[in-house]
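Below: one structure, written as structure tokens.
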There are 2 protein chains.
Amino acid sequence: MSGKPIAPGGTVGILGGGQLGRMLASAAAEMGLHVHIYCPDENPPAAEVAAHYTRAEYEDEAALIRFAESVDAVTYEFENVPAETARILSEHGIVRPGPIALATAQDRIVEKNFMKAQGILTAPYADITDETSLKDAVESIGCPSVLKTRRFGYDGKGQAKIASPEEALAAYDEIGRQPAILEGFVKFEREISVIVARGIDGQTAAYDPVENIHKNHILDRTLAPAELPKAVADEACAIAARIASELDYVGVMGVEMFLLPEAGSKRRLLVNEIAPRVHNSGHWTMDACAVSQFEQHMRAVCGWPLGHPRRHSDAVMTNLIGDEVNEWERLATEPDTSVHLYGKAEARPGRKMGHATRLYTLGKRPPVTPS
Amino acid sequence: MSGKPIAPGGTVGILGGGQLGRMLASAAAEMGLHVHIYCPDENPPAAEVAAHYTRAEYEDEAALIRFAESVDAVTYEFENVPAETARILSEHGIVRPGPIALATAQDRIVEKNFMKAQGILTAPYADITDETSLKDAVESIGCPSVLKTRRFGYDGKGQAKIASPEEALAAYDEIGRQPAILEGFVKFEREISVIVARGIDGQTAAYDPVENIHKNHILDRTLAPAELPKAVADEACAIAARIASELDYVGVMGVEMFLLPEAGSKRRLLVNEIAPRVHNSGHWTMDACAVSQFEQHMRAVCGWPLGHPRRHSDAVMTNLIGDEVNEWERLATEPDTSVHLYGKAEARPGRKMGHATRLYTLGKRPPVTPS
């Protein structure tokens, strides 16, 4: 299989049925591929635009085996695929990205250790297993710092800030005394990310780094490209490509980084975390590049040549969170703007309902003001 | 209904399940709309990317009524919707574009008479009902000329060339002695088309005119934009907008025109035919504009504000006909190129299997050589 691509007419399975699965499914359809969505939810957004849909739990071994055997390759839209699910699927089919990437990204300690081994800068961190290790860590790392569960955190969930040593135990309680990591606060200028793809032949292709602006711990806007000295942008892409290569990665990966102040360090980039999947900060590629991150991921998974990551336009992507989706009609009147809605019935607070991308002529993006 | 848009969460029905229906369905999904495909075929390309699919004949009244009543509006991907089908759907729901446009575009004589009444230039033509009217028409219009069935012709089907008067009867036999039109040959420089949209509020928006190059009577390539003097381009857009307005049109329409040589006439544009639907020569908008013709059509049908038709890039769209689809892997390696495949299982000769769009910086498209 490894050398031969999954040609048009083939079928790709996607684990997960949210907006990322939906945009992956649409991209795959454009490639002439059939898509099979596997998801425990009723009416997941992705199933509606896919040829096939299995509704089953991630622990349903028989359903997983049928699924893996009915498709040419399986990929996923979320990093928290249970290890056992991934194992079953791998035994009965091809899973891309593979198990190393998944294991690394699922556990903040494993992830940080991996970065350290690669000589990649991270925030100072410590493994928290009990009250004693927490106390020692708060002492050595200092405050403020953040206590995060090792697993299953996203969008600020599963974490608690520790402003002073006295708050440590309360924070530990807040995250349910789960296996955790303590991370030191890093003074950074901006958060950037790189969307990198790696093919089955080991080739990599990275879109230019972008800047991400958060609101309530959720991505609010992505500015493409990030305004960076060329050497820093190149270094960011090189770091992302190295991570993908070292993990023997196949597919698209999002690498979140902090840009450190110029005075603070000779090395200005620190990796915050990786997402072994398409990434919210890559949505702008749908409208500003010939090949989007979703198609790029499917190309990698299917062994197609990777697309060139050049963009034809600069862009600002704005997430539509919760009620913000009600702005669709106003957004639809804005020039050079693509509105993408995910077909979710209920606009709960904090729920990603859609996004809008405004395009600008290369080099002509106006300064962005905080919203 | 007329004032209130079909909001995200609504459902649009599409009559027809080919590639146009498929690209319409994907665009509608991006708008957060649900799609219901109605098509008599098994496994039509569009059904795979739509939420609902009814397989039934266009003459199945009960199925049509259920379909019309289950959606917020019905549109179609082909102009040859039987009049009776359109009537049934209109009685049980909203059909856009409406019956006048359909009746006009379905019959070449009605279409030409409409243009004449608007003072829009067409090729010389005559209504052919029998051998006598054919003989008279060949005399008055002269040779070479083309005999076409009044209805159901496309991609060069249902037409026969008449090089000299003696060939007239053979041509008439060739098209099955159906009600026909005789059209005089027009010496034109190039074929262009305009993709125009008209909303329910009467607003229109036209993408810049494009040049179309045919091979074996099938569109081979579209160059966006056509190289035209500004006055001619403006006139082309104005003609298209006028046609849409006069037909009280709602949706996207393709207007094919011939550009006459500068010396021949003060008026350089002649309308060849209209297509009351999204059009092959508008596929480039998927990759070169913030709002594609498919989304634009759905916006009009749903009463949304029309998108701005500005393009961010110039483009060359190449159809992949029959076996040409096998070039997908080579095309996937080309920079700035989007490959779109329609998911059709069998690559029959003359069958539209996909298309590829190559983007260029505005004003930097290289000259195109014949393939």
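No lab work stands behind these numbers, since they all come straight from the coordinates. Bear in mind that the values here come from a model prediction, so they are computed numbers and not experimental data. All Cβ positions, even for glycine, are placed from backbone atoms using ideal geometry, and neighbour counts span all protein chains on display.
At a glance:
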item: Inter-label distance for residue B:216 and residue B:364, nm, one decimal - labels placed 7 Å from Cα along Cα-to-Cβ; result: 3.5
item: ³J(HN,Hα), Karplus 6.51/-1.76/1.60, whole Hz, each residue of segment B:161-172, x for Gly, Pro; result: 7, 10, 7, 8, x, 5, 7, 4, 5, 4, 5, 4
item: Amide H partners (placed H, <5 Å) of residue A:189, local residues excluded; result: A:259, A:260
item: Aspartates and glutamates with Cα under 15 Å of residue A:148, excluding same-chain neighbours fewer than 8 positions away; result: A:107, A:111, A:127, A:130, A:131, A:167, A:173, A:174, A:183, A:273
item: FRET efficiency for residue B:190 and residue B:169, using Cβ-Cβ distance with R0 set to 41 Å, rounded to 0.05; result: 0.80
item: Efficiency of FRET between residue A:177 and residue A:152 - r from beta-carbon atoms, R0 22 angstrom, step 0.05; result: 0.95
item: Top of B:349, B:97, B:40 by mean-square fluctuation, Gaussian network on chain B, Cα under 10 Å; result: B:349
item: Cβ-Cβ FRET estimate between residue A:127 and residue B:52, R0 fixed at 60 Å, reported to 0.05; result: 0.75
item: Candidates A:222, A:204, A:85: whichever shows maximal mean-square fluctuation once chain A is modelled as a Gaussian network with Cα springs under 10 Å; result: A:85
item: Two-site label geometry, residue B:103 and residue A:262: point separation in nm, points 7 Å out along Cα→Cβ; result: 7.2
item: Cβ-placed point charges (K, R +1; D, E -1), dipole of the protein assembly as shown about Cα centre in debye, nearest 20; result: 1540
item: Amide H partners (placed H, <5 Å) of residue B:94, local residues excluded; result: B:74
item: Two-decimal Rg to Rh for segment A:11-95 - Kirkwood Rh, Cα set; result: 0.92
item: Order of B:114, A:78 - criterion: other Cβ atoms within 10 Å of each residue's Cβ, fewest first; result: A:78, B:114
item: Label zone at residue A:87, where the point sits 7 Å out along the Cα-to-Cβ direction: segment A:101-117 residues whose backbone N lies under 17 Å; result: A:101-104, A:106-107
item: Residue-averaged beta-carbon neighbours from other chains (10 angstrom radius) around A:324-333; result: 3
item: Karplus 3J(HN,Hα) series, Hz, for segment B:77-88 with 6.51 cos²θ - 1.76 cosθ + 1.60 (x for Gly, Pro); result: 9, 9, 7, 8, 4, x, 4, 5, 4, 4, 5, 4
item: Inter-probe distance in nm under a simple model that places probes 7 Å from Cα toward Cβ, at residue A:351 and residue B:310; result: 3.4
item: Estimated [θ] at 222 nm from DSSP helical runs (n ≥ 4, -39500 (n - 2.57)) normalised by residues in chain B, nearest 500; result: -8000 deg cm²/dmol
item: Other-chain or far-sequence residues with amide H under 5 Å of residue A:180's (modelled H); result: A:128, A:150
item: ³J(HN,Hα) computed for each position of segment B:60-72 - Karplus, 6.51 cos²θ - 1.76 cosθ + 1.60, integer Hz, glycine/proline x; result: 7, 4, 4, 5, 4, 5, 4, 4, 4, 7, 8, 10, 8
item: Gain on full stretching of the segment that runs from residue A:139 to residue A:201 - 0.36 nm per residue minus C-alpha separation; result: 17.7 nm
item: Per-residue average of Cβ from other chains inside 10 Å of B:334-341; result: 6
